1. In which sequence would Arg222, Arg244, Arg45 go, from the one with the fewest C-beta neighbours within 10 Å to the one with the most?
2. Of the listed values (1) 1.07; (2) 1.27; (3) 1.01, identify the label whose number matches Cα Rg over 2.2 N^0.38 Å calculated from this model.
3. Which residues' amide hydrogens lie under 5 Å from the amide hydrogen of Ala57, considering only partners 5 or more residues apart or on another chain, with H built in the peptide plane?
4. Would you order Tyr225, Tyr216 from fewest to most other beta-carbon atoms within 10 Å of each residue's own beta-carbon?
5. What does the charge count around Ala90 come to, taking other residues whose C-beta lies under 12 Å from its C-beta (Lys +1, Arg +1, Asp -1, Glu -1)?
6. Out of all DSSP beta bridges with both ends in the chain, state the antiparallel percent to the nearest 5.
7. Using 7 Å Cα-to-Cβ label points, what is the Arg200/Ala54 separation (nm, one decimal)?
8. Need the list of lysines near Lys87 for cross-linking: C-alpha distance under 21 angstrom, and skip anything on the same chain fewer than eight residues off.
Amino acid sequence: MRLDPRIAVDIPLVFDFPGAAPDPRRTALIALGKSALFMATRFFRRHPSFRAVAGMAIVPEGLPRDDADLPSGLAVIASTHPQMTEKSFAAGAALVRFVSRHAPVVDTFIVLLSGGASALVEHGPAPDEFSSLNHELLRAGLPIQEMNRRRIALSGIKGGKLARRAPDADWLTFVMSDIPAPDGHRLVGSMPSWSPDEPRHHLVPVADGGLLHDRYAAELARCGYRIAFEKRFLAGTVNDWAHRIAAQELRPGEALLITGEPTLALTVATPGTGGRMAHLALLLAERLDDGLTLHALSSDGIDGASPYAGIIFTPEERRRFDRSLIADHLARFDAYSFFEKYGCALKTGYTGVNLNDVVVVTRD
């Protein structure tokens, strides 16, 4: 059995308005994050009358696009992720102009928000300070909630500040959460369009890591596995995950399933080609019992600073590993260079769905 992060594309997104639907003639739409176009496509399928509204999407550069289901009037701006660059500030300036231009003539801003928006868009007087902070946060291995709180403190648009630029409009934010907590949707993308103390701000979760967990649980059941150990919304460090996973004993036909987002602090100035899931897989290459198959996957199809979605290795592949090289690759945060030699690195490209990471261990 080989699982694939693209099975997450089947997760249903429900875009139900919390009250009466707004008037499309007096509505503007904003889509932000790694899943901006994925969400927009499904939103317009659910609500085709909104295809004619003024819209702006800000997405990672290099994102594959299929515009067949997107309206021609949706302006798409490419920015950078995970690093914050001058493109992030150019995108932020364009977003502020968009809101300012439409605030006098619309009643409602609809926002389709997903993870990655924190780096893709920023606005404020000190670009160098913002960029340095973002760089250090990425290296520090902090939980995403803490990273986003620190970003909000400096930002001119995060933490609901973008929405306050149009205080007379209703702001309706549909959010796909990649934060591993039941209430993680409140901080996705450092939340530019919602704050809890504003009565005209409305937040509607449409997907989170719990749905991803259920999708993989169903796939394991379909393949005949019994889940003997599972955790959802798991946080902690990559080393914590490795210790917990290696401690589990599985019988034939049993599986382990974990979804969440571990942290990984970078301790070298110039890391190699790596990511959280690849680093975890390389730790487990030495620690797993014989006879186990590992899947360590990123739901968005991009694991860290790599072109890969994650790692899959079987007992047969693991027996071919040169374990004398593992410590060096771990020290250099260069896990993918190790796994490339054995054909264990999975490449899917962006899936469009940015939820949590997934680890599956099975004994056949």
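1. With the sparsest Cβ surroundings first, the list reads Arg222, Arg45, Arg244.
2. Checked against the structure: label (3).
3. Here the answer is Ala31, Ala75, Val76, Ile77, since their amide H atoms fall under 5 Å of that of Ala57.
4. On the way: Tyr225 22, Tyr216 25.
Result, fewest neighbours first: Tyr225, Tyr216.
5. Working: positive: Lys87, Arg97; negative: Glu61, Glu86, Glu122.
It works out to a net charge of -1.
6. Numbers: 19 of 56 bridges.
Of those bridges, close to 35 percent are antiparallel.
7. 1.6 nm
8. Lys34, Lys158, Lys161
Readers should treat all values here as calculations from the given coordinates under stated rules, not as data from a laboratory. Keep in mind that this is a model prediction, so the values were computed, not measured. Virtual Cβ from ideal backbone geometry, glycine too; neighbours counted across all protein chains shown.
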